[in-house]
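The structure appears right after this line, and notes come after that.
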Amino acid sequence: MLKKIPNLALILILFALLTGSFLQAQQRFPKPEFDTGYVQPDPTTPEPRAMALEYFDVLVLLAVLSLASWLAVKKRSRRGLLWLSVFSLIYFGFYRDGCICSIGAIQNVALSIFDPGYAISITALLFFILPLLFALFFGRTFCAAACPLGAIQDLVVINPVSIPSWIRKTLGFIPVIYLALSVLFAATGSDFIICRYDPFVGIFRMDGPFLMIFLGITFLLLGMFYARPYCRVFCPYGVLLSWMSKFSKWHLSITPSECIKCKLCKDSCPFDAIEVPVEQAYRTPEVSRKNLKRFILYIGLIPVLILLGGWIGSKSHIFLSRVHPDVYLAELMISQPELKEDEENLDIQAFLESGDTFEQLVDQAAVIREKFRKGSLVMGGFIGLALGITLMNQVVFRRREDYEPHKGDCFSCGRCMDYCPIDSQKSKGESQKLNVESLKLKVENQKSVKSKG
Amino acid sequence: MKNNLDQEQRISLAHRVALISGIFCGVVALLLILNFWHMKQHEPLESKTIEVLVERLSSEPGNEELKEEIRSFDLLARKAYFTSRWQVKTGTWLLLFGGIVMAASLKVYTDLRARIEAPEKVTEELLRARANSQYWLMVAGGLILGFSLVAGYLSNDYLKEYQAMGVVEETEQPQDGIEVIKVFPAQESADTLGSDSAIEQEGASGAEAIEGAGDETETATQPVAVQTTSRFNRDDFKTNQATFRGYMGQGVSYHKNIPEKWNGSTGENIKWKVAFSKPGYNTPVIWDDKLFISGGDAASRVVACYNRNNGQLLWEKEVTGIPGSPAAMPRVTDDTGLAAPTMAVDGNRVYAIFATGDVVAFDLQGNKIWGRNLGVPNNHYGHSSSLQVWENKLVVQYDTNTRGRMLALNTANGETLWDVERPVHISWASPALIEVNGKIQVITTADPYVSGHDLETGAEIWKVEAMMGEVGPSVAYEDGLVYATNEYARLVAVEPKPGAEFTWEDDEYLSEAASPVAYNGLLYLATSYGVLVCYDALTGEKQWEKEYNEGFYSSPMIADGKLYIIDLDGVTHIIKADRSGTVVADPELGEGGFALPVFADGVIYLRGMEHLYCVGE
């Protein structure tokens, strides 16, 4: 029971944080209801962050990415990556209030592509591109040490559990849908849902709507047992990073030398991102033939899924477009015209006071809906394609002799390196030519110590 | 050994730090919660004292002492509020600090115990795992696509529907936009009418005489001089069902010898029936031998006149050339349409109003006398309040989403005699007239007031807050009591005088569209879900109720001591208008019914969805 006290205490503190933050978000005190003679000053637009400081943020990001890549690939330092992630949490999270962030920059990029009137800032563009570039060469070092969202979740990993791969694969499809939706909504100028539902920005700012704080706390509580839940189940930027990382040439490796197949690395990885050696049993002619048939089936299925997804996407454009405030308002006023009289409906009252005619609103909404029709078609096709490729990948068994990090899923956190007995021998300056048998013996000892602990 | 001891000590230290910081956080959290609870109990934002004082200030705006008192209370409340905010903020920072210490010590503790980051071992057979993944991916993908498809099909495209319907305008009334037609000499009238001869001929040939079409045909193209003088005799309004719900809009006919049996499908007791050219939900009105109906669609709005003895179309006129009339039709729902209001006729002219806001007057020969647009009503179903006419006043209840309003127009030229703004929401009810102490009052019902207005000036004489929601039923009146009802509101009986309170009220059965009718000390009410109920008009005691399969949008009418009401299926329920509620007959029209029965001696005129019927034995 006593052993559980720290965990219980942690839950308590997180609950308290939730309560405190919720209280912070209470309504402000209203103005007096009678004439005091006091003149309200005109509201002023807050000063944007100075351009030089924005560039400084980019430099910091560049430096962190470079350092993280060096620590992951060359230095192989888990400790270094950990402290770098703490720095990023403090700087990009608490100091910069979680904004600007590479995850949210997806939306800026999407909007700038589809809305000629929107000029993306160079900072946002670089925040979007730099992590992808680094992932293309060094793997997801951004996730390891530069992302504040990842860092805050990484710090609360206490007792992670491994879950069956079919659940992981199925949950892993959610980020693809989230990415598609966030691009669609951003491209149509409807909403930046990644920012709106960023679960941790409320914690970074020590303020925020109840739902935001609640989500953040929930993710942190969940993250104690299911490591980095947001990264693995929701992060839309992770999809892009994963694609880039799969092609990375200098990705982190578990062992610097020969793998002794001790499995310590697999046990150490809280994200189930270590791939096991593919046994010869899976590469028999019978299995290969079966997989080939299925592979061809999925190849043929991909165009069907694209078309089906596109068709269903286009059918979904009506309800999807209601995310856009103009469409929502226009439909609300059409379906419930009596609400025009509702003085408490601020959206409608604000529109009525805007001077625009209802016809203008409806016309505008119709234009947006048409954008959604096209966008949803593409989005549906994309989801169909992603589903097809994911299915196809399930029947591909690549030759693998050693335990290796899954280049797409690996966050390059370095835990596996830290646990690798070969790596620890190297760091102690022992001979490069390791005695495999003696190492295996050490591993067994290490495991027995763990089991006693 | 020394190292092991150090390890144990470090574990113990980390454990203690975690525990202490956890307790610290717990205490702070408890204080925060207490603070929160205290603030909830004594919310400075909602200080009752300030509220009362501010209320007092509104009646004593110059009271400086009171202002000073409010300021001091306000200051106190602000101090309490901001102190609490400071406590919350400080507490949160303390929590954060405690949390960091605790997370760090926990991290050290778990690291030292070497239990961190060791996932549960799950041994999976790779092929099976991959097969499972494929299966669940397909299931999940299928569910997502299926859900999207269903949601897509279930989503109503309001924008498309709206744009298909036309254009909504919220135009203001053009005050001077009355087109008054000069009084034509007979020859000019003939020329004018000649231009409409095509419609008339076509319409006339469309009349299908069922039985004994009379010889009294009127040559539609015959030149007729426009009537210039007005006559008014209230007895004429008793002998002619000239307005919505007959004489004074009270739902009682003075005709006898009314048929009780007919069948629209077989032609039993159907003297004639005609198909009309334009849809409309209005009830026909009659004057002498003429019967008038209106209709309209996006293409045009028309007023038609039939010879009520044989169903021959005497004339049909398009309503055109009205200044301010919208080029595109306002959006209306299918169950209201553009021609829902019942016309009014006074022996001199026949008056019609449409959902476009167009009001038009024709003489009984079909010459347009005047026309004006009252401003396209901001009405989400479509304007449906019927016209009421008395002496030289055409009363228009014009409660829209923009404002509550009632007007009286000069029947001779359409000029505004009075125009009053009413503190009510939009309504679809029609004005009724009552006579109190020798003066005629216009009685209206809307959310929230049932009110009486002086017919001469439009001035409000009395009002009582009784209604809510979208008011459709008009009022009933008998023996000094006005009866009003609406769905989701109540049924009330009220004396038409200032300061009146409810004589009685009830909410068991409420009407959505059908208006109640009072007759011989009984009140009858029909609901949209098919219940017809009778109350004692003085006490509100229920006398009987009958439930039918179809609901009622049409209102009950009393004629010859019997109640006639048509359900949505076109079945007319005839019941003795007394406390027995004896069913007399349930003749069928053969098509859906919505309009009220129109009575004349020995005949009933019924408007179905497609045809106008004359029923007579």
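What to note about this one:
- Within the range B:58-96: backbone nitrogen closer than 19 Å to the B:His42 label point (7 Å, Cα to C-beta): B:70-89
- Sorted peptide list for A:379-386, B:577-584, criterion being average Cβ within 10 angstrom, highest first: A:379-386, B:577-584
- For the residues of A:152-161, the average number of beta carbons from a partner chain within 10 Å of their own beta carbon is 4.
- Inter-part distance, the range A:76-115 to the range B:501-552, computed on C-alpha centroids, equals 69 Å.
- Using a cut-off of 19 Å between Cα atoms, the listed pairs A:Lys266/A:Lys290; A:Lys74/A:Lys249; B:Lys261/B:Lys290; B:Lys238/B:Lys562; B:Lys48/B:Lys79 include A:Lys266/A:Lys290; B:Lys261/B:Lys290 as exceeding that distance.
- What separates the Cα centres of the range B:340-404 and the range B:295-313 is a distance of 16 Å.
- Rounded to 10°, Cα long-axis angle of helix B:126-154 versus longest principal axis of chain B: 30
- By the helix-only formula, in which each DSSP H run with n ≥ 4 contributes -39500 (n - 2.57) and the sum is divided by residues, chain B has a 222 nm mean residue ellipticity of -9000 deg cm²/dmol.
- For the range A:278-362, GluC sites (Glu not before Pro) meeting the loop criterion (DSSP other than H, G, I, E, B) and having at most 16 other Cβ atoms within 10 Å: A:Glu279, A:Glu343, A:Glu344.
- Whether the range B:550-606 is rounded, prolate or oblate, judged on the alpha carbon gyration tensor where a/c under 1.5 counts as rounded: oblate
- Farthest toward positive dipole pole in the range A:222-287 [+1 Lys/Arg, -1 Asp/Glu at C-beta], among A:Ile254, A:Tyr230, A:Val276: A:Tyr230
- Entries in B:Lys271/B:Lys317; A:Lys261/A:Lys293; B:Lys278/B:Lys368; A:Lys263/A:Lys293; A:Lys169/A:Lys374 that, when Cα-Cα distance is taken, lie over 27 Å: A:Lys261/A:Lys293; A:Lys263/A:Lys293; A:Lys169/A:Lys374
- Per-peptide average of other Cβ atoms within 10 Å, ordering A:50-57, B:427-434, B:567-574, B:534-541 highest first: B:427-434, B:567-574, B:534-541, A:50-57
- Set A:Lys340/B:Lys67; B:Lys256/B:Lys439; B:Lys67/B:Lys463 screened for pairs whose C-alpha atoms are more than 32 Å apart: A:Lys340/B:Lys67; B:Lys67/B:Lys463
- Restricting attention to the range B:178-616, close to 95% of DSSP beta bridges with both partner residues there are antiparallel.
- With a 10 Å cut-off around each Cβ of A:387-400, the average count of Cβ atoms from other chains is 3.
- Across chain B, the relative contact order, built from alpha-carbon pairs under 8 Å that are at least six residues apart, equals 11 percent.
- Given R0 = 22 Å, the distance between the Cβ atoms of B:Ser580 and B:Asn257 translates into a calculated FRET efficiency of 0.55.
- Extension gain, A:Glu370 back to A:Val276 (0.36 nm per residue minus Cα-Cα distance, nm): 29.0 nm
- Cα gyration tensor shape of the range A:369-421, rounded if a/c is under 1.5, else prolate or oblate by comparing a/b with b/c: oblate
- Charge dipole (debye, nearest 20) of the range B:2-112; +1 at Cβ of Lys and Arg, -1 at Cβ of Asp and Glu: 680
- Options B:Val442, B:Cys25, B:Ser325, ranked by Cα towards positive dipole end of chain B, top entry (Cβ charges): B:Cys25
- Charge dipole (Cα centre; +1 on Lys/Arg Cβ, -1 on Asp/Glu Cβ; no other charges) of the range B:240-361 amounts to roughly 180 debye.
- DSSP-assigned coil residues among GluC sites (Glu not before Pro) in the range B:55-114, each with at most 15 further Cβ atoms within 10 Å: none
- Taking the Cα centre of the range B:178-616 as origin and assigning +1 to Lys and Arg Cβ atoms and -1 to Asp and Glu Cβ atoms, the resulting dipole is close to 720 debye.
- Neighbour-count ranking [beta-carbon atoms within 10 angstrom, fewest first] of B:Glu46, B:Glu512: B:Glu46, B:Glu512
- Simple rule: put +1 on each Lys or Arg Cβ and -1 on each Asp or Glu Cβ in the range B:178-616, find the dipole, and look at B:Ala304, B:Ile604, B:Gly382; the Cα lying farthest toward the positive end is B:Ala304.
- Evaluated at q = 0.10, 0.11, 0.23 Å⁻¹, the base-10 log of the normalised Debye intensity for the range B:315-397, with identical point scatterers placed on the Cα atoms, takes the values -0.23, -0.27, -1.15.
- Global geometry of the range B:178-616, whether rounded, prolate or oblate, following the gyration tensor of its Cα atoms and the 1.5 cut on a/c: oblate
- Across all directions, the average projected area of the convex hull around the alpha carbons of the range A:285-393 is 8.5 nm².
- Note on the range B:2-112: Kirkwood radius taken over Cα pairs, Stokes-Einstein applied at 20 °C and 1.002 mPa s, translational D equal to 122 µm² s⁻¹.
- Backbone geometry of the range B:96-106 corresponds, through the Karplus equation with coefficients 6.51, -1.76 and 1.60 at θ = phi - 60°, to 3J(HN,Hα) couplings of 4, 4, x, x, 5, 4, 5, 4, 5, 5, 5 Hz, x marking Gly and Pro.
- Taking the C-alpha atoms only, the angle from helix B:197-206 to the longest principal axis of chain B is near 90 degrees.
All of the numbers you see were taken from the coordinates with simple rules; none came from a lab. Keep in mind the model is a prediction, meaning the values are calculated, not measured. Cβ atoms come from the backbone with ideal geometry, glycine included; neighbour counts cover every protein chain shown.
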